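This report refers to the structure that appears directly beneath it.
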Amino acid sequence: MPPDTSEIACDILIVGAGIAGTAFAAAVRKRGYSVVQVEMAREPLDTARGDHLQCVVVELLDEWGLLPAVMAAGAEKRTGARYVRDTGEVLLHAPHAALQIPHPYYLYLNHERIAETFIAAAMENPDYTLFRPARARNFEMHENGAGIASLTVHLPDDAPAPPGFASGQDVVIRPRMVVGADGRGSRVREVMGFGALTHDYESPLVILFGPRLTSDPLNELKTFMGPKGSLSRIPRLGDQWKLGLPIAKADIAFWKTATLRMRQSAVAARAPELEGFACEVAGFYPVRLLSAEHWARGNTVLIGDACHAMHPARGQGLNVAIRCLARLVDLLPDAADMADADTVMKRLRAYDHGTKPAIDKLLADNHTRGEQMDSLDPTVIAASAAALRAINNDPERLRRYCLQSAGYADSLSALSG
């Protein structure tokens, strides 16, 4: 081995330190595994991305002993959601506070704070090593489809290295199990040869930040639906609101160059009660559905956007990732059994075969909702409004809707009985 190369063996290698990867590391921190996590990005995660944790995910965080840390990081509660017409008519009100569940509220916390909170928890594991930033150089594969044998990463010269390693080194990581949590463009998925079905939605999203105009004691998400398109007003830390708007691709140039007055006018056209909202553009996001053909083979498994990226309709992506990895964590062998490659592969196959069908159904349901949210056609928006109105007028359908939005009545929750 060259003198500027080091080597480390571990039970679990996690490739990626976004929400899914860091949540997995935090969830297994007390299970006795040796864990290595690799992330190439130097900067914190994008603060404008998903920041709401579903009621059922709050329950999971509580079970993993992570809820106090999330609250200490500044998380706040929201107790429901409303859909309204641009005229002010309430189409649907989903009050999570009325549900008989352990945590009848969503939590919201800035995206990057969620990941950093999970990393801090993962570091409670005395055998956890984080290489960040580190650039993947080479994956070496096991024979006969048994997965990934090693990953060589380069530690940059201009960034500190973990204890026992040096900046500028190459490090060869030899894992017993690999978790690909490296997003929609997953290198792990690529080297494993897993194909993926993708669908690009027509309307990108523009995300806006600004100070709240009014106080909302219920702290609810509010979505406005009118002939010029939908707009979601989402609680955000720091007494702010985040707005999410699907827009035509041709309108990106407008939003990039618009003055404050122009932005305010465009927002008020969709949601008159937000007239005067002093907003700044936080980002633009093309929206893509991705469904990997396989999640696991040999000693390697995919989680999060690497295997199931979805439209942000109803904010499911981040939450589905955490709920899925919770099932994976439950299926993992004990630390003492990680050296048995056959046991590891058997557990990962069980996860793939047992969980993927439910997510395929959930992706299909989300796609239907995503197509509706994606449309700027007034007739489609009016039809969606009518469907929400019908749910609101039927107590049993409304109850079911509230449970589903909380994470307790969908295809994934059905796997838990």
*Dipole size in debye (nearest 20) for region 114-265 around its Cα centre, Lys and Arg Cβ +1, Asp and Glu Cβ -1?*
740 debye
_Per q in 0.09, 0.11 Å⁻¹, report the Debye log10 I(q)/I(0) for the chain, using one uniform scatterer on each alpha carbon and no solvent._
-0.57, -0.84
_Can you tally the net charge around GLY354? Count Lys and Arg as +1, Asp and Glu as -1, for every other residue whose Cβ sits under 15 Å from the Cβ of GLY354._
+4
*Hey, what do the phi angles of region 199-207 turn into as Karplus ³J(HN,Hα) couplings, whole Hz, using 6.51/-1.76/1.60 and θ = phi - 60°, x for Gly and Pro?*
9, 8, 6, 6, 9, x, 9, 10, 10
*In degrees, nearest 10, range 0 to 90: what is the angle between the Cα axis of helix 260-270 and the longest Cα principal axis of the chain?*
70 degrees
_Between 0 and 90°, nearest 10: helix 341-374 axis offset from the chain longest Cα axis_ = 20 degrees
*Cα centroid separation - region 224-283 against region 305-324, whole Å*: 24 Å
*Considering the dipole of the chain built from charges on the beta carbon (Lys and Arg +1, Asp and Glu -1) around the Cα centre, which of SER291, PRO156, PRO395 is farthest to its positive end?*
PRO395
*What does the charge add up to near HIS308, with Lys and Arg as +1, Asp and Glu as -1, over the other residues with Cβ less than 14 Å from its Cβ?*
0
*Any idea which of HIS199, LEU13, ALA248 is furthest toward the positive side of the dipole for the chain, if Lys and Arg beta-carbons carry +1 and Asp and Glu beta-carbons -1?*
ALA248
*Return the single residue from MET262, MET225, MET338 with maximal mean-square fluctuation; model: Gaussian network over the chain, springs between Cα atoms under 10 Å.*
MET262
*Between the helical axis of 317-331 and the dominant principal axis of the chain, each derived from Cα atoms, what acute angle in degrees is found, rounded to the nearest 10?*
40 degrees
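For region 142-270, what Kirkwood radius comes out of the mean inverse Cα-Cα distance, in Å?
19.8 Å
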_Antiparallel DSSP beta bridges within region 1-141, percent to nearest 5_ = 55 percent
_Using amide H atoms built in the peptide plane, which far-off residues or other-chain residues are under 5 Å from SER150 H to H?_
GLU140
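Two decimals is fine: what's Rg over Rh for region 74-183, C-alpha atoms, Kirkwood radius as Rh?
Dividing the radius of gyration by the Kirkwood radius yields 1.20.
Can you compute the charge dipole magnitude of the chain about its Cα centre, using +1 on each Lys and Arg Cβ and -1 on each Asp and Glu Cβ, nothing else charged? Give it in debye, rounded to the nearest 20.
I would put it at about 980 debye.
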*Sum up the charges of everything whose Cβ sits under 14 Å from the Cβ of ASP216, counting Lys and Arg as +1 and Asp and Glu as -1, but leave ASP216 out.*
+4
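FYI, it's all coordinate maths here, none of it is from the lab. What you see is a predicted model; the values in this text were computed from it and never measured. Note that each Cβ is placed from the backbone with ideal geometry, even for glycine, and that neighbours are counted across all protein chains shown.
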